[in-house]
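Laboratory data are not the source of any read-out in this text; all were calculated from the coordinates shown. Every value quoted in this text rests on a predicted model; they were computed, and no experiment measured them. Using ideal geometry, Cβ is built from the backbone for each residue, glycine included, and neighbour counts are taken over all protein chains shown.
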Amino acid sequence: MYSNVFTTKESYTVYTLKVDTQTIDFERFLDPEKGMVLGTISKYDALKQTHFSDPLNFVIDNRFKGKISEKKLMKIKNALTNDSLKAARYPAWLLGYIADMRLIENSSITVLKSKVAYNAAANLSILNTDTLFYLNEN
Amino acid sequence: MKTEATFSNYEMRVRYFYIAVIVILFFHFFSNVLFSELGTPALVNPSIDNFYWLFQYVGLHKLFTQSVFLPAIGDISIAILTLLCVFSTSYRAIWTVSFTLLFGIYCITFNTFSGHHYHGLMGILFLSVTFWFKPGLRFELLWEAARYYFLFLFSSAAFWKICRGSIFEENQFSNILKSQHAQYLYQHTTSYQSSIYQYLISHASISHWVLIGAVVLQLFFFVGFFTKKYDHTLFLLALFFSVLNFFIMGIFSFELIVMGMTLLDFENIPFLKLKKEPVILTN
């Protein structure tokens, strides 16, 4: 991965995770749980950008369409890809996962997505912020 | 008369390997990522990997995550199997094969649900296969293969950076760090670590030399393909690389270093030798 040439990007994506009113510091998580939380948030973000249509559907079509029955193709897609139904369950799972590991009851979760840019001294400035999702279980 | 004997090299490899696995399992337990701690994850990520496709198609990723009791049974089974592999010499082949299968399911389940395919645990998975066999030619051949694979991991990383030309780009490491640490710098603007990251990002020529140093270090692993004379040094270099990787890149690669055991000759490292209980010999 790091052997590819990395070009300078105009902006980078970062996330803010709020449970109830408290902002969670990702560095408080150990490495595997940080991967689990941030990895799934960016997965959800990528899905939202494609209107919850998993790009893997194209790959499966390329490999199997016309070679197997439609019924089997649908079965493969259902097993391997994400859709709006699975994505709809994600905020509740993330809230439950974070609440379970901290052994507390939480009622709401907010994830904000920001675009940030570096200046010459490597300080970040926020270009824009949007709400990725919000869930209140009350 | 009392005699002091040490375990065979094979037995020491078994013990050190599975003790390292126990440490890593504890780390994953405290990281809340064992089967029973995952809950019922919503999103899947098989990526473009046919093995993951097959795994998910047959529903193995759901086996230990979508019910009440099976996740706990899965975690307990991995822990018990690991202990059996360390302490039980009877039926060891059964325990070691079962461990590999269950640990393999855990690795792929974790990667499927975490949104990213981590390679750290693969070292444990590959090396665990060697212990399916008793001491002898088959075991030694597999152990050698694992050693070469570990050397390949490092040396091929250097090879790709040179062949793709990324090592010759002065802004390469600065750009990698920008991408890698944006999230950290967004949440921590004034920490000691932030100032190091910011210094390396804003001084591209200095960070370029850090990258060159890392590639040179990785190139040293080519030596291992021709001689075992420097294996212990290479193990220390791998450890050093992991420490730097953690502090500069924020990447935790210590799980993979377990595979670096293949570079250690336990019988010739006095402080790693495991002694047996002294036995009393009578005429």
Separation of region B:194-257 and region B:25-86 by C-alpha centroid, Å? 31 Å
Convert 25 °C to kelvin, take the viscosity as 0.890 mPa s, use the Kirkwood radius over C-alpha pairs of region B:119-171 as Rh, and evaluate the Stokes-Einstein diffusion coefficient in µm²/s, rounded to a whole number. 189 µm²/s
Å³ per residue of the Cα convex hull, for the protein assembly as shown? 194 Å³
Please list, in order, the residues from region B:175-201 whose amide nitrogen is less than 14 Å from a point placed 7 Å along the Cα→Cβ vector of residue A:25. B:184-194
Using a cut-off of 15 Å between beta-carbons, work out the net charge of the residues near residue A:115 (Lys and Arg +1, Asp and Glu -1, residue A:115 not included). +1
Which residues does a label at residue A:59 reach in region B:51-72, if reach means a backbone N under 20 Å from a point 7 Å past the Cα toward the Cβ? B:51-62
Which aspartates and glutamates, if any, have their Cα less than 16 Å from the Cα of residue A:115, not counting same-chain residues under 8 positions apart? A:10, A:45, A:130
How far apart, in nm, are two points set 7 Å out from the Cα along the Cα-to-Cβ line at residue A:71 and at residue A:10? 5.1 nm
Determine, for B:255, B:267, the number of other Cβ atoms within 10 Å of each Cβ, and report the residues in order from fewest to most. B:267, B:255
Please give the net charge around residue B:147, taking every other residue with its beta carbon less than 14 angstrom from that of residue B:147, where Lys and Arg add +1 and Asp and Glu add -1. -1
What's the local net charge at residue B:131, with K and R +1, D and E -1, over the other residues with C-beta under 9 Å away? +2
Whole-number percent relative contact order across chain B, with pairs defined as alpha carbons under 8 Å at least 6 apart: 27 percent
Dipole of the protein assembly as shown (Lys/Arg Cβ +1, Asp/Glu Cβ -1, origin at the Cα centre): which of B:245, A:4, B:271 lies farthest to the positive side? A:4
FRET efficiency for residue B:217 and residue B:268, using Cβ-Cβ distance with R0 set to 25 Å, rounded to 0.05: 0.55
Cα extents of chain A along the principal axes, largest first, in whole Å, come to 53, 44, 26
Ignore the peptide's own chain and count Cβ atoms of other chains within 10 Å of each Cβ in A:116-124; give me the average, rounded. 5
Two pseudo-spin positions, 7 Å from Cα along C-beta at residue B:76 and at residue A:127, lie apart in nanometres by 5.3 nm
Dipole magnitude of region B:49-170 about its Cα centre, charges +1 at Lys/Arg Cβ and -1 at Asp/Glu Cβ only, in debye to the nearest 20? 300 debye
For chain A, the longest stretch holding no trypsin sites (Lys or Arg not before Pro) located in a DSSP loop with at most 16 other Cβ atoms within 10 Å is which? A:10-66
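Find, to one decimal place in angstroms, the Kirkwood hydrodynamic radius of region B:145-265, where the mean of 1/r is taken over every pair of different Cα atoms and then inverted.
On the way: mean 1/r = 0.0651 Å⁻¹.
It works out to 15.4 Å.
Within the protein assembly as shown, what percent of beta bridges assigned by DSSP are antiparallel, to the nearest 5?
Percent antiparallel among DSSP bridges in the protein assembly as shown is about 95.
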Identify which of A:32, A:55, A:91 has the largest mean-square fluctuation in a Gaussian network model of chain A, with springs joining Cα atoms closer than 10 Å. A:32
Starting from the Cα of residue A:71, draw a straight line to each of the aspartates and glutamates and keep only those under 18 Å, dropping any in the same chain fewer than 8 residues away. A:61, A:83
Between residue B:193 and residue A:84, the two model label points (7 Å from Cα along the beta-carbon direction) sit apart by a distance in nm of 3.9 nm
Taking a label point 7 Å from the Cα of residue B:251 along Cα-to-Cβ, the residues of region B:5-24 whose backbone nitrogen sits under 13 Å from it are none
Rounded to 10°, Cα long-axis angle of helix A:70-80 versus longest principal axis of chain A: 20 degrees
Starting with the fewest neighbours, write out B:249, A:36, B:259 ranked by other beta-carbon atoms found within 10 Å of each beta-carbon. B:249, B:259, A:36
Quick one: of A:75/A:113; A:34/A:65; B:134/B:229; A:34/B:161, which pairs are farther than 30 Å apart, Cα to Cα? A:75/A:113; A:34/A:65
So, R0 is 60 Å and r is the distance between the beta-carbons of residue B:7 and residue A:48; what FRET efficiency does that work out to, to 0.05? 0.60
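From largest to smallest, what semi-axes in whole angstrom does chain B give when each is the square root of 5 times an eigenvalue of its alpha carbon gyration tensor?
Details: eigenvalues 248, 156, 63 Å².
They are 35, 28, 18 Å, listed from largest to smallest.
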Cut-off is 10 Å between beta-carbons; in what order do B:225, B:55 appear when sorted fewest neighbours first? B:225, B:55
What angle, in degrees between 0 and 90 and rounded to the nearest 10, separates the Cα long axis of helix B:137-163 from the longest principal axis of the Cα atoms of chain B? 0 degrees
Name the residue, out of B:183, B:218, B:172, whose mean-square fluctuation peaks in a Gaussian network model built on chain B with Cα pairs under 10 Å. B:183
Quote the relative contact order of region B:5-118 in percent (integer), defining contacts as alpha-carbon pairs under 8 Å separated by 6+ residues. 35 percent
Could you check which residue among B:104, B:260, B:115 shows the biggest mean-square fluctuation in a GNM of chain B with a 10 Å Cα cutoff? B:115
On Cα atoms only, tilt of B:9-30 relative to the major axis of chain B in degrees: 50 degrees
